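To start, the structure itself, in structure tokens.
The values are calculated or read from the model by the stated rules, or taken from the named source; none is laboratory data. Every value quoted in this text rests on a predicted model; they were computed, and no experiment measured them. So basically every Cβ, Gly included, is an ideal-geometry build from the backbone, and we count neighbours across all protein chains shown. To get the accessible areas, we keep the full protein, side chains included, count just its heavy atoms, and leave off ligands, DNA and RNA. Shrake-Rupley method; radii C 1.70, N 1.55, O 1.52, S 1.80 Å.
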Amino acid sequence: MFSGDQIASLLSEVGVTHVITVPDSTIGRWEPAIERSGRIRLVRVCREGEAWQVAAGLYLGGATPLVMIQCTGLFESGDAIRNALHDWKIPVFSIVGYRSYLDQAKLPGDTCLVFTEPILDAWKIDYRLITSPSELHVIRDHFLTCRDAGKAGAALIGE
Amino acid sequence: MAAASRIQLVSALETLWRIRREDEVVVTTMGSAREWMTLGEPHALDFILVPSAMGHGTSIGLGLALAQPDKRVIVCSGDGSLLMNLGSLASIVAADVPNLVVIVFDNGVYEVTGQQPTAAAGAGRPGGRGADFCGIARACGFDSVHAFNDATSWANDARSVLDAKGPTFISLDVEPVVGGTAPHSPGPTPARAERFMAALRR
């Protein structure tokens, strides 16, 4: 939907300093452009729960982190989200790949479609669903709105 | 010959408390947080990770070390906590953070839930052989790896080990604290986070 250069440029523009990530086949293709940007440090972790807590440490240390994971990793992340975003009120923004939202042929009946949005709602993460290449600005606007409000947010990218 | 006694948790932490430099960040969680809070007035760069997420002290420490490359970040973890987030050791090495120290207080049990053996403890495992945390750290790529099983050696060598180029992994063989419970929160979390962030900015 978006090129790596588009995402890297957007994240640089809004001041993201670190992207903490576990890739999927969509967001993983953005990694080379993010690394090339020279302004954003890519931090690769082993499991998505780690990503939220690394982001929390970065935020406490004065950086502007962003978590970039697939929705399956969002499911794995529960306790880390609860602690970082709600116990400690750390406003981490995330980009979450929404598996099977646009392409339901590869994994017919994918339960990601059942659980992703209710899980985001359950964790009280204010998100915007992105389904078209024309909506890059929605990510930027939502990031800035959440940053100014000091709250967590997410861009849910249809895949 | 009597078996060597393990290090008392509070004694191990007293050593760290005594040698800790003013500009060093110390992250504690679970049993280490409980005992750390009894040692004296809190330091502005203490981060008492209470409440915590399961085993994520090392991940918070990684983020802090990346954001504050000029400060040494010392994470005090339990063995049970580390088992919940073993992958963080690989992430730490990949992130290349020479200013991060992970200390594992290895007592072989989930202390605060009633001292049930962990899956890595020798008790209950075939042959009674526990998992080798230092071996795991080395296999993940840590070059600075140290193990201590007596309080004197730890007290004598702790400062030089902390000062080594990291990331550094230290395993301390500690005695479980009888009746050790989960730590109480020392105060509202957002206010503590704000004070900690302000201290890092100074």
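Please determine, by comparing only the residues of the range B:67-92 that are assigned to a loop (DSSP other than H, G, I, E, B) and either open to solvent by less than 20 Å² (accessible area, probe 1.4 Å) or within 10 Å of another protein chain (Cβ to nearest Cβ) (or both), which one is farthest from A:G49 (Cα to Cα). Ranking the candidates gives B:K71 first. So which of A:D103, A:D121 ends up being in a loop (DSSP other than H, G, I, E, B) and charged (D, E, K, R)? The conditions single out A:D103.
Taking each residue of the range B:80-109 that is within 17 Å of A:H18 (Cβ to Cβ) and of a type in the set (S, T, Y) and looking for partners that are open to solvent by less than 10 Å² (accessible area, probe 1.4 Å) and in a strand (DSSP E or B) with beta-carbon atoms closer than 8 Å, six or more apart or interchain, yields B:S91/A:V43.
Test B:C140 against the stated conditions and say whether it is modelled with pLDDT of 95 or more and away from chain A (no Cβ under 14 Å). No, not satisfied. Report yes if B:A95 is within 9 Å of chain A (Cβ to nearest Cβ) and open to solvent by 20 Å² or more (accessible area, probe 1.4 Å), otherwise no. Here the answer is no, as B:A95 does not meet what is asked. Here B:L49, B:L9, B:L16 are screened, and the one residue that is open to solvent by less than 40 Å² (accessible area, probe 1.4 Å) and over 19 Å from B:H146 (Cβ atoms) is B:L49. Tell me which residues, restricted to the range A:8-23, are open to solvent by less than 20 Å² (accessible area, probe 1.4 Å) and either more than 13 Å from chain B (Cβ to nearest Cβ) or over 21 Å from B:A90 (Cα atoms) (or both). A:A8, A:L10, A:L11, A:S12, A:V14, A:V16 - these are the residues of the range A:8-23 that are open to solvent by less than 20 Å² (accessible area, probe 1.4 Å) and either more than 13 Å from chain B (Cβ to nearest Cβ) or over 21 Å from B:A90 (Cα atoms) (or both). Is there a residue being part of a helix (DSSP H, G or I), touching a residue at least 12 places away in the same chain (Cβ under 8 Å), open to solvent by less than 50 Å² (accessible area, probe 1.4 Å) and under 18 Å from A:E31 (Cα atoms) anywhere in the range A:136-159? Yes, the conditions are met somewhere in the range A:136-159.
Among the residues making up the range B:9-53, a single one is more than 14 Å from the chain's Cα centre (by Cα), within 9 Å of chain A (Cβ to nearest Cβ) and free of Cβ contacts under 8 Å to residues at least 40 places away in the same chain: B:A53.
Could you tell me which residue of the range B:165-188 is farthest from B:D70 (Cα to Cα), considering only residues that are among the hydroxyl-bearing types (S, T, Y) and open to solvent by 10 Å² or more (accessible area, probe 1.4 Å)? Walk me through how you get there before you give the answer.
Here is the first cut: in the range B:165-188, the ones among the hydroxyl-bearing types (S, T, Y) are B:168, B:171, B:181, B:185.
From the residues that got through so far, the ones that are open to solvent by 10 Å² or more (accessible area, probe 1.4 Å) too are B:171, B:181, B:185.
Details: B:S171: 24, B:T181: 35, B:S185: 29 Å.
That would be B:T181.
When A:S77 is tested against (1) facing chain B (nearest Cβ under 7 Å); (2) in contact (Cβ under 8 Å) with a residue 12 or more places away in the chain; (3) under 21 Å from B:A90 (Cα atoms); (4) open to solvent by less than 10 Å² (accessible area, probe 1.4 Å), exactly one condition is not met: (1).
Checked against (1) surrounded by fewer than 20 Cβ atoms within 10 Å (Cβ to Cβ); (2) modelled with pLDDT of 95 or more, B:A123 passes all but a single condition, namely (2).
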